[in-house]
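A short worksheet on the structure shown next.
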Amino acid sequence: MSISTLEQAEAYVLHLKRSDNWVSDAAMLQNLQESQTFIENNKRADLLPHLGIHFALYYIDNGEYQQSWKYTEIAKENALLYANNAKLLEAISLQIRIQRYLGNLEAAQKLVHEQIEIAYRINDYLQIASAYQNQTLLLHKQHLKEDCIEAGRKAIEYIQKSKMDYYIANFKIGFSGILLDFNETSIAFEQLNQGFNIAKKNKFKLPLALAYSNYGTYYQLVGNEKKCIDAYKKCIALFHQINNTTDEMTAKIMLADAYEYFNKISEAEQTLKETIAFSEQNGIKYNLIGIYETLSKLQEKKGNYIDALANYKKLNQIKEEYLNNETKNKLQKLETNMKLDVLKIEKENAEKMASVKHDFLANMSHEIRTPINSILGICYLLEQQTLNEIQHNYIQRLKRSGENLLGIINDVLDISKIESGKMELTNDLFSLDDLINDIFNALEPKAKDKEIQFKIINRFKKKKQLLGDKIRLYQILLNIVSNAIKFTNEGSVTLLTDCKETDEHHSQITFTIKDTGIGITKNKIDKIFERYEQADATIKDKFGGTGLGLSISKKIVQLMNGTIDIKSKLNKGTEFIISIPMKNAVQMNEVATDDIMITPELLNNKLILIADDNLENRLVAKEILLNFNKTIKVIEANDGNEVINLLFKKIPDIIFMDLDMPNLNGIETTQQIRKNKKYHTIKIIGNTASLSSFTKEEFHEIGFDAFIYKPYKPKDLYRLLVTLLTK
Ligand code: ADP
């Protein structure tokens, strides 16, 4: 084949792949040179990264590192110019290889650093894996076993994600070689077999050759002479077949070493002889080290101490050039810096991923909450009808399923909020008595159903007022006490609360939740705080649940600077102890209270505007309102513009405003309404099925009088309306 047009040149450099039949011979050099002429004459610099890399590989294979380096520079420069990240990384990878071959580890380390950074930035699995592989090789050279194995595992982890068989085989085989060097024979053998099988199935010759070389090492280590020699011979034959002389020579040196190891002196000498000229001519230091080391050992075995010493001296000289102590020290320093940087990049990456995940979940939650709002609203409306027992039972079950689904969504969202660092705590004024009462009222019916006792013991001053996130506190207690009831079939559940002032401004609350239930085995006790963990597989079948509750509770307690401890005995019972510091409330007069007088007449003839783009939600809200009071008049709007238009005709008493409407959303609409003094009597209740990141104060600032999340309980909406109208 010869290249005679630009098109041919382009096709050649774009499609030439380093695969098994890739031969770095004169024909290839000629093709590359011809391509180069067309590419340069036509100023197709975008092809130079491809061309540069092929040249560089060709010269590496031929041991001409300086030439090779020159082409990696050309590839890099033009890859940068054309923002071709893949080629840029390939060029850097080759430069690392060259520096490593030449023994310039410090330069190689710097390049690895550059490579990891770019690979993470473009988030490409193959590139991240290959950056970690280079890191592994360098750490291997420095004999930093643990770090090296860790980097190797990372490389394997990412290469598996890439799903590219050729590279998976290559990486696994490469990693097995390193593991063998660290004497980790069994994991090495496992990785090697896995890599070998993939290579064999796909007939990948280069990986197969490398695999045979590692089998040689493995069998030498375990003392199987026949299999060892056989493997090396297969390896040499394969390298020869694909014209990879450099690696063929390295494999021969390894075979010679194996012969020496098994005391086959003349075979060893003969094999070595075949490698010396090539390695010396090309200045391949790592080959020369192997050669002189084995030669020295051979002479020693033969009793030729003078020759042994001469070879030994040569060996030391090269070794010194290869890795002197000074370089080693510098490298270790570089290494620490780099590790920190990589950690930083990984952390940032994880955070970015968590944030993306969180946004996705937040959107999903909106989509799911909107229909649940409707389902639960209709359940409420049906409950108000005269129903027979069967119908009543169906509604209860439907309601419970809806609430369970909502609970799961909330849990998943909480987890993702925590992971992405978006969980924020509020500082509400609340009464400890009310908190405990709420828990009692919510869970006592469940205890009653199971015929177990639910005892409350309070060891704090009555009317204790605190500042903290009462909703989250309620969530934690609800989770742990309902677990206690769930996992107790007879006896009792006790919630003991203590609150001690630690100083004038602070108190320490302790909740002890004790049950006489099924208990948890010792080995499972630490696990149950992990996500999706349940004490055993039968729990899910018997009790349901997702295994998220405790993990969320623990995280929230930690965010509150508190602790959560557990003691448990199988079949005897479990005790959770939660201890949290809280601020004492100062405004004693602003008592938080939930008691609202039932005054339905307050709603008589009120005009309420429901603004929501979801028809189903509008219908449910309307019917719930009419259910509160039949004289209520409801008007509806589909988006913010419709709201503004309606206001020209009628001024409602209340607007029930969804935030996420098209055209003009709820926030924009509210802001516009608040600009007009004429509308100051209107009470606006904001509502959303999304996760809102606004605080109470921020909602007020926008112009809302109150806020409620969908799905809301009709009871809560009723309370809100009454509170607003009495103000
Ligand atoms: P879920 O209750 O949804 O399964 P949790 O995270 O709340 O998830 O609890 C995790 C697991 O801890 C439960 O599945 C159960 O195996 C165990 N567990 C929690 N509380 C108790 C308890 N009071 N008694 C026995 N086992 C418990």
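Here is how the numbers come out for the structure above:
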quantity: Tabulated pairs, segment 542-568, first free of Cβ contacts under 8 Å to residues at least 12 places away in the same chain, second among the charged types (D, E, K, R) and within 13 Å of the ligand (Cβ to nearest atom), C-beta under 8 angstrom, 6+ apart or interchain; calculated: K567/E575
quantity: All positions within segment 654-693 that are assigned to a helix (DSSP H, G or I) and either surrounded by 20 or more Cβ atoms within 10 Å (Cβ to Cβ) or in contact (Cβ under 8 Å) with a residue 60 or more places away in the chain (or both); calculated: G666, I667, T669, T670, I673
quantity: Criterion violated by L717 - all others in (1) buried (at least 20 other Cβ atoms within 10 Å of the Cβ); (2) in contact with a Pro (Cβ under 9 Å, 6 or more places away or on another chain) satisfied; calculated: (2)
quantity: A706 hydrophobic (A, V, I, L, M, F, W, C) and under 19 Å from I471 (Cα atoms); calculated: yes
quantity: Test: residue in segment 218-235 that is crowded, with 23+ Cβ neighbours inside 10 Å and under 28 Å from Y65 (Cα atoms); calculated: yes
quantity: Evaluation of L429 against (1) hydrophobic (A, V, I, L, M, F, W, C); (2) in a helix (DSSP H, G or I); (3) over 18 Å from Q558 (Cα atoms) (one fails), failing number; calculated: (2)
quantity: Residue selected from segment 559-582 under the condition more than 15 Å from K500 (Cα to Cα) and of a type in the set (S, T, Y), by the criterion surrounded by the most Cβ atoms within 10 Å (Cβ to Cβ); calculated: T574
quantity: Output for segment 210-245, where each listed residue is in a helix (DSSP H, G or I) and small (G, A, S); calculated: A211, S213, G216, A231, A237
quantity: Count of residues meeting criterion [surrounded by 19 or more Cβ atoms within 10 Å (Cβ to Cβ) and charged (D, E, K, R)] in segment 485-495; calculated: 1
quantity: Count of residues meeting criterion [near the ligand (Cβ under 9 Å from one of its atoms), at pLDDT 75 or above and in contact with a Gly (Cβ under 8 Å, 6 or more places away or on another chain)] in segment 535-569; calculated: 1
quantity: Enumeration of residues in segment 124-143 that are free of Cβ contacts under 8 Å to residues at least 40 places away in the same chain and outside any helix (DSSP H, G or I); calculated: D124, H143
quantity: Selected residue [without any contact (Cβ under 8 Å) to a residue 24 or more places away in the chain, crowded, with 16+ Cβ neighbours inside 10 Å and assigned to a helix (DSSP H, G or I)] from K273, K297, K252; calculated: K252
quantity: Residue satisfying all of: in segment 465-488; among the small types (G, A, S) and part of a helix (DSSP H, G or I); nearest to I566 (Cα to Cα) among these; calculated: A484
quantity: Per-region count, segment 589-613, residues among the charged types (D, E, K, R), under 29 Å from L646 (Cβ atoms) and modelled with pLDDT under 70; calculated: 0
quantity: Selection from segment 466-484 of residues that are over 34 Å from the mean Cα position of the chain (by Cα) and surrounded by 22 or more Cβ atoms within 10 Å (Cβ to Cβ); calculated: L466
quantity: Residue check for D498: surrounded by fewer than 18 Cβ atoms within 10 Å (Cβ to Cβ), assigned to a helix (DSSP H, G or I) and not aliphatic (A, V, I, L, M); calculated: no
quantity: Residue in segment 576-588 that is at pLDDT 70 or above, within 33 Å of the chain's Cα centre (by Cα), within 13 Å of the ligand (Cβ to nearest atom) and not aliphatic (A, V, I, L, M) present; calculated: yes
quantity: Looking only at segment 607-621, and only at residues there that are in contact with a Lys or Arg (Cβ under 8 Å, 6 or more places away or on another chain) and not aliphatic (A, V, I, L, M), the one that is surrounded by the fewest Cβ atoms within 10 Å (Cβ to Cβ); calculated: N617
quantity: Conditions (1) touching a Cys at 6+ places or on another chain (Cβ under 9 Å); (2) under 24 Å from N561 (Cα atoms); (3) surrounded by fewer than 17 Cβ atoms within 10 Å (Cβ to Cβ); number of the one not met by L398; calculated: (2)
quantity: Segment 212-248, residues that are farther than 23 Å from K264 by Cβ and without any contact (Cβ under 8 Å) to a residue 40 or more places away in the chain; calculated: Q241
quantity: Residue that is farthest from the ligand (Cβ to nearest atom) [pool: residues in segment 501-534 that are under 28 Å from D434 (Cβ atoms) and crowded, with 19+ Cβ neighbours inside 10 Å]; calculated: S507
quantity: Subset of segment 440-485 (residues that are among the hydrophobic types (A, V, I, L, M, F, W, C) and within 15 Å of the ligand (Cβ to nearest atom)); calculated: L443, A447, I452, F454, I476, L477, L478, I480, V481, A484, I485
quantity: Single unsatisfied condition, F430 versus (1) more than 16 Å from the ligand (Cβ to nearest atom); (2) more than 30 Å from A585 (Cα to Cα); (3) hydrophobic (A, V, I, L, M, F, W, C); calculated: (2)
quantity: Filter result for the condition that a residue is part of a helix (DSSP H, G or I) and surrounded by fewer than 16 Cβ atoms within 10 Å (Cβ to Cβ), over L309, L288; calculated: L309
quantity: Which numbered condition F460 misses (of (1) at positive phi; (2) in contact with a Cys (Cβ under 6 Å, 6 or more places away or on another chain)); calculated: (1)
quantity: Unique match (being surrounded by 15 or more Cβ atoms within 10 Å (Cβ to Cβ) and more than 41 Å from the chain's Cα centre (by Cα)) among F38, F55; calculated: F38
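The values are calculated or read from the model by the stated rules, or taken from the named source; none is laboratory data. Here the structure is a predicted model, which means the values were calculated and not measured. Virtual Cβ from ideal backbone geometry, glycine too; neighbours counted across all protein chains shown.
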